[in-house]
Amino acid sequence: AIQLTQSPSSLSASVGDRVTITCRASQAISTALAWYQQKPGKSPNLLIFDASSLETGVPSRFSGSGSGTDFTLTISGLQPEDFATYYCQQFHSHPLFFGPGTKVDIK
Amino acid sequence: VQLVQSGAEVKKPGESLRISCKASGYTFTNYWIGWVRQMPGKGLEWMGIIYPRDSETTYSPSFQGQVTISVDRSISTAYLQWSSLKASDTAMYYCARQAGEALFPNYWGQGTLVTVSS
């Protein structure tokens, strides 16, 4: 099974900051990676698919990059509504595991 | 696209349970549906996935034999069921429709909270 790790596990940032979250796969997955945002008490929300494609309706301050085993999610200009937990998920092969998550909170 | 899940459940250890996920707004048989567990204060765990057209199902090794995923095509509904609940099954469960051939979820249900306690 392909395992995902995320770093950091949590971070504190201020409104306007540029934030980068890393996701690493235990083996190459091409660009078969998605990123989700989850706010407390809510269902996850798709942000990025195919490693770098922005889901319709997601603000352009969110971007994704990477291929193979190393991926990043970048938030350029953190907004108050972006404080949440972010998960990566690989869809290269079963089981379609999620990463452990990165919690972004207010500094 | 809408996925509406059944309401919260409170059960005792050893009891059986089936929760549901009713899909609307798209052709049910054309898209895989998956289930995701989130234990209290924890991350997302991929449980398994089913293709409603032929009921082809794949489970995560952690959930194989522990739960059963099924569908009723006549009412566009997916199910997640347990034959004997444990306290450790206490969690929020989400259904999620996959995007298409690429198996990442792009639509999610609102979640069903299952509490198992004696």
Problem - Candidate set from the stretch B:18-44 (those that are under 17 Å from residue B:88 (Cα atoms) and open to solvent by 50 Å² or more (accessible area, probe 1.4 Å)); member that is farthest from the other protein chains (Cβ to nearest Cβ) - result: B:18
Practice task
Select from the stretch A:5-16 the residues that are in contact with a Gly (Cβ under 9 Å, 6 or more places away or on another chain) and away from chain B (no Cβ under 14 Å) and list them in ascending order.
Solution key: A:15, A:16
Exercise for the section: Enumerate the pairs (first residue in the stretch A:17-45 and more than 18 Å from residue B:42 (Cα to Cα) and within 14 Å of chain B (Cβ to nearest Cβ); second residue anywhere and open to solvent by 60 Å² or more (accessible area, probe 1.4 Å) and in a strand (DSSP E or B)) with beta-carbon separation below 7 Å, excluding pairs fewer than 6 apart on the same chain, so at least 6 apart or on different chains. Expected result: A:30/A:67; A:31/A:67
Problem - Subset of the stretch A:87-104 [open to solvent by 30 Å² or more (accessible area, probe 1.4 Å) and within 10 Å of the chain's Cα centre (by Cα)] - result: none
Completion exercise
The residue that is nearest to the other protein chains (Cβ to nearest Cβ), considering only those in the stretch B:45-61 that are over 30 Å from residue A:10 (Cα atoms) and among the acidic types (Asp, Glu), is B:56
Problem - Given (1) surrounded by fewer than 16 Cβ atoms within 10 Å (Cβ to Cβ); (2) among the small types (Gly, Ala, Ser); (3) over 26 Å from residue B:109 (Cβ atoms), index of the condition residue A:1 fails - result: (3)
Practice task
Filter the stretch B:107-118 for residues that are assigned to a strand (DSSP E or B), surrounded by fewer than 19 Cβ atoms within 10 Å (Cβ to Cβ) and within 11 Å of another protein chain (Cβ to nearest Cβ) and give the result.
Solution key: B:113
Fill in the blank from the handout: From the option list A:106, A:21, single residue qualifying as modelled with pLDDT under 95, on the phi < 0 side of the Ramachandran plot and in contact with a Pro (Cβ under 9 Å, 6 or more places away or on another chain) is A:106
Handout entry: Failed item in (1) within 14 Å of another protein chain (Cβ to nearest Cβ); (2) more than 30 Å from residue A:58 (Cα to Cα); (3) without any contact (Cβ under 8 Å) to a residue 12 or more places away in the chain; (4) not hydrophobic (A, V, I, L, M, F, W, C), with residue B:72 passing the rest
Key = (1)
Exercise for the section: Quickly run through the stretch A:40-56 and pick out the residues that are in a loop (DSSP other than H, G, I, E, B) and either aromatic (Phe, Trp, Tyr) or open to solvent by 80 Å² or more (accessible area, probe 1.4 Å) (or both). Expected result: A:40, A:41, A:42, A:56
Exercise for the section: Specify the residue that is surrounded by the most Cβ atoms within 10 Å (Cβ to Cβ); the eligible residues are those in the stretch B:45-100 that are under 23 Å from residue A:90 (Cβ atoms) and of a type in the set (S, T, N, Q). Expected result: B:60
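Residue by residue, here is whether (1) within 24 Å of residue B:2 (Cβ to Cβ); (2) charged (D, E, K, R); (3) in contact (Cβ under 8 Å) with a residue 60 or more places away in the chain holds:
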{"position": "B:24", "(1), (2), (3)": "yes, no, no"}
{"position": "B:41", "(1), (2), (3)": "no, no, no"}
{"position": "B:77", "(1), (2), (3)": "yes, no, no"}
{"position": "B:83", "(1), (2), (3)": "no, no, yes"}
Problem - Among the candidates A:37, A:79, A:27, residue that is closer than 23 Å to residue B:63 by Cα and not β-branched (Val, Ile, Thr) - result: A:27
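The values are calculated or read from the model by the stated rules, or taken from the named source; none is laboratory data. Because the structure is predicted, anything quoted here is derived from the model rather than measured. Here the Cβ is made from the backbone with ideal geometry for all residues, glycine too, and neighbour counts use every protein chain on show. Keep in mind that these areas ignore ligands, DNA and RNA; they rest on the heavy atoms of the full protein, side chains included. Shrake-Rupley method; radii C 1.70, N 1.55, O 1.52, S 1.80 Å.
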